[in-house]
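The values are calculated or read from the model by the stated rules, or taken from the named source; none is laboratory data. This one's a predicted model, so the numbers in the text were calculated from it and none came from an experiment. These accessible areas exclude ligands, DNA and RNA; they are computed on the full protein's heavy atoms, side chains included. Shrake-Rupley method; radii C 1.70, N 1.55, O 1.52, S 1.80 Å.
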Amino acid sequence: MKNIACFDVGGTFIKYAVINSQGDILTKNKFPSPVNDCKNAVPECIIIKTKELMKDYLLQGIGISTAGVVDNIKGEIITATDNLPGYAGAKLSEVIYKELGIKTFVENDVNAAALGEMWKGAAVNKDTFVCMTLGTGVGGAIVINNKLYKGVNNGAGELGHMILNEKGQSCNCGCIGCYERYASTSAFIRMYLENSHNEGIEIPTITGEEIMLRVKSGETLACRIYDEFMDHIANGLASIAHILDPGLIVIGGGISAQGEDFFLELNKRFKSSAMASYAENTMIVPAKLQNDAGLLGACYITLKALKIYEDIPLPV
C-alpha cells in the first residue's frame, strides 16, 4: 500500500490528508492559508506540514489541488485569485521537490475535484462528464474519456463565464452577462437584496441558507427570486449539454447542499430547457465527496503520475 500526502489550497484554509492508493483517508485536517507572499509562503507551509506527516507515514508522493490557473506539467501557478496574494508564479513542484526529495504534482482545484469524483464519487464508472461548483462563483471541469480537457492554454472549463445575457451584469472577469452573475450563490444573494431594496425593504446582509429558509417558509419574494435563479442554472446547463453532450453533470458547491428537492427541481427545469434528446440522456446529480473531493483528486493525479497501480486499477 502506498501513501500520498495531499493538499487542497484555498483562499481561507489549506486542507491536507494522507491518502493511500486505495483511496482511504488515513488522516486529515486543515490550517489557515497564508495572507501574504503566497508564492513563497504556500510551498513553505506544505513543506513544514509534510515533514510532520513523514514522522508517522512513509510517503511516496505529494499531490496538490489549488485555486488558480495551473501549469500541471511544471507544477506552477500561472495566475491566482486575490484571496492568495502574490501566489502567481509559485513553482510548487520544483521548490517542494528540492526541499523534500518527494515528487510533487499540482492541479487546479475544480479539475482535481472532478477527478476525485471520477475515482471515488458521483462519477465512478463514467469516462465522460462535466463537474461544476455552484458557490461564490461557478467553476467547471470537463472530463472526456477519463482525461481532463484543458484547452490550448489550460483554460477550458470556465463554465461560469459563458455569456448568459449580453446586456446583463458586469462580471469581475471583464465580460458582461456571465453565467456566474446569475447562477452562483453570490448572484442569488445579490438578486434577493436588490429586489428587497426595490420593494422598500432594507436588509444589510443575508446568506444563501437564510434565503432558502425563507423560500421554504413560503415568503413571496424569496420564492420569486429562487424561481428565477433556478431557471438561470437550468438554462446554463442546457447550453453545456448542447455543446458537450456529456451524459452526466455533477454539481457541488454551497447551493447544491440543499439536497434531493433541489436536484429534482433542477432536473425538471433542465428537461424543459434542453432539446429533447439531451434532456432524455443527461443526468444532473450532486457531488458526493464534498470537502474531500480536491484531496482525493490530488491523490489520484499523483498515483497516475507515479504509475502506482498495484493496489487499485485507476482509469486510464
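Using a ≥ b ≥ c from the Cα gyration tensor of segment 134-282 (square roots of the eigenvalues), is it rounded, prolate or oblate, where a/c under 1.5 gives rounded and otherwise the larger of a/b and b/c decides, a/b for prolate?
Values: a/c = 2.05, a/b = 1.50, b/c = 1.37.
Judged from the Cα gyration tensor, segment 134-282 comes out prolate (a/c at least 1.5, a/b above b/c).
What shape does segment 103-159 have by the C-alpha gyration tensor, where a ≥ b ≥ c are the square roots of the eigenvalues, rounded means a/c under 1.5, and otherwise prolate means a/b greater than b/c and oblate the rest? The partial results should precede the final answer.
Working: a/c = 1.30, a/b = 1.10, b/c = 1.17.
In terms of gyration-tensor shape, rounded.
Shape of segment 1-158 from its Cα gyration tensor (a ≥ b ≥ c, root eigenvalues): rounded if a/c is under 1.5, otherwise prolate when a/b > b/c, or oblate? Kindly include the intermediate steps, with their values, before the conclusion.
Values: a/c = 1.66, a/b = 1.16, b/c = 1.43.
Judged from the Cα gyration tensor, segment 1-158 comes out oblate (a/c at least 1.5, b/c at or above a/b).
Which value, in Å to one decimal place, does the Kirkwood hydrodynamic radius take for segment 1-75 when every pair of different Cα atoms is included?
Numbers: mean 1/r = 0.0777 Å⁻¹.
This gives a value of 12.9 Å.
For D82, what accessible area in Å² do you get when you roll a 1.4 Å probe over the heavy atoms of the protein chains, rounding to the nearest 10?
140
Using alpha carbons only, how many degrees (0 to 90, rounded to 10) separate the axis of helix 38-54 from the longest principal axis of the chain?
60
Could you state the angle between the C-alpha long axis of helix 260-273 and the longest principal axis of the C-alpha atoms of the chain, as a value from 0 to 90 degrees rounded to the nearest 10?
With rounding to tens, the tilt is 70 degrees.
Just to be sure I understand, if you calculate semi-axes √(5λ) of the Cα gyration tensor in Å for this structure, which of (1) 31, 23, 18; (2) 44, 20, 15; (3) 35, 22, 18 do you get?
(3)
Compute, for M162, the solvent-accessible surface of its heavy atoms (probe 1.4 Å) with the complete set of protein chains present, and express it in square angstrom to the nearest 10.
Taking all protein chains as shown, M162 has close to 40 Å².
Ranked from the most accessible area to the least, with a 1.4 Å probe and all protein chains present, what is the order of L264, L53?
Ranking L264, L53 by accessible area, largest first, yields L264, L53.
Report the per residue volume, in Å³, of the convex hull enclosing the C-alpha atoms of segment 212-316.
Details: hull volume 13.0 nm³, N = 105.
Enclosed volume per residue, from the Cα hull, is 124 Å³.
Considering all projection directions equally, how large on average is the shadow of the alpha-carbon convex hull of segment 128-167, in square nanometres?
Taking a quarter of the hull surface, the average projection is 3.6 nm².
Quick one: divide the alpha-carbon radius of gyration of segment 192-274 by 2.2 N^0.38 Å and tell me what you get. Write down the numbers at each step before the final one.
Numbers: Rg = 14.4 Å, N = 83, 2.2 N^0.38 = 11.8 Å.
Relative to the 2.2 N^0.38 Å estimate, segment 192-274 comes out at 1.22.
List the lysines whose alpha-carbon lies under 23 Å from that of K55, not counting same-chain residues fewer than 8 positions away?
List returned: K2, K15, K28, K30, K98, K103.
Ignoring solvent entirely, what values of log10 I(q)/I(0) come out of the Debye formula for segment 184-224 at 0.27, 0.29, 0.30 Å⁻¹ when each Cα is a single scatterer?
Taking Cα atoms of segment 184-224 as identical point scatterers yields -0.98, -1.11, -1.17.
Given bins 10 angstrom wide, list per bin the percent of all Cα-Cα distances in segment 66-200, short to long.
Taking all Cα pairs of segment 66-200, the binned fractions are 11, 33, 33, 16, 6, 1, 0 percent.
Ranked by accessible surface with a 1.4 Å probe, highest first, in what order do K15, K147 come? If you can, show how the numbers build up before the last one.
Values: K15 55, K147 130 Å².
These residues rank, largest area first, as K147, K15.
For the chain, modelled as a GNM with alpha-carbon contacts under 10 angstrom, which of N172, N154, N291 fluctuates the most?
The residue that fluctuates most here is N172.
Sort E158, E194 by accessible area with a 1.4 Å probe, largest first.
These residues rank, largest area first, as E158, E194.
Using alpha carbons only, how many degrees (0 to 90, rounded to 10) separate the axis of helix 220-244 from the longest principal axis of the chain?
Roughly 60 degrees between the two axes.
If you build a Gaussian network model of the chain, linking Cα atoms that sit under 10 Å apart, which residue out of T136, T282, T207 swings the most?
Highest fluctuation among the options: T207.
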